Amino acid sequence: MYERILVPLDGSKVGEAALPYVQELVSKLSPEVKVEVTLLQVVSSLAHYVVAGEASARIPYTEKEIEQIKKKAINYLKKAGEGLRSKGTMVKIKVGTGSAAEEIIKTADEIDADLIAMSTHGRSGFSRWAFGSVTDRVLRAGNKPVLMVRALREAAQT
């Protein structure tokens, strides 16, 4: 049964498309089943670019900047989990750093997730090749069941 569900979020409306499905799934499980939902956001860019004229330089974030980014991610995850919490679901939050797909798979193994529920942007063709698909990599490289939810077009455009 689904007692531990991992929901990776990227901070976008598209990324949140799986949340209503998780909420509905949790509400349909019997009251005896205590479901724990872990919301995860991965900070994958640990550097930024500074452009001066025609030159640009990749500058790593300082520890203080990384902590601020993580704090912002924690606040976002707390807000994203309010709907689940209001229904009595235990919600944990986690912020990881590095490759999104690798962090999702690692976290799923760490919490022994029964299910990973995540949205997909629904890209295809060149766009999928150019940007890749975190969902696809998690599906292929992970060893946990994955519920993929395609985001509605309206969410993808906001």
* Among the residues of the stretch 6-25, write down those that are crowded, with 19+ Cβ neighbours inside 10 Å and more than 12 Å from the chain's Cα centre (by Cα). => Val22
* Filtered residues of the stretch 66-92 (kept if under 15 Å from the mean Cα position of the chain (by Cα) and among the hydroxyl-bearing types (Ser, Thr, Tyr)) -> Tyr76
* Pairs only if they're at least six apart or on different chains, beta carbon under 6 angstrom, first in the stretch 6-28 and under 15 Å from Leu115 (Cα atoms), second loosely packed, with under 14 Cβ neighbours inside 10 Å and basic (Lys, Arg); list them, first residue then second. => none
* Asked: Taking strands (runs of 3 or more DSSP E) that do not extend beyond the stretch 1-59, which have at least 1 residues that are within 27 Å of Glu102 (Cβ to Cβ) and in contact with a Leu (Cβ under 9 Å, 6 or more places away or on another chain)?
  -> 4-8, 36-43
* To do: For the stretch 44-93, name all the residues that are polar (S, T, N, Q), within 27 Å of Val26 (Cβ to Cβ) and surrounded by 15 or more Cβ atoms within 10 Å (Cβ to Cβ).
  => Thr89
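Values quoted throughout were computed directly from the atomic coordinates according to the rules given, and no laboratory measurement underlies them. It should be emphasised that the depicted structure is a prediction, and the values quoted were computed from it without experimental measurement. Using ideal geometry, Cβ is built from the backbone for each residue, glycine included, and neighbour counts are taken over all protein chains shown.
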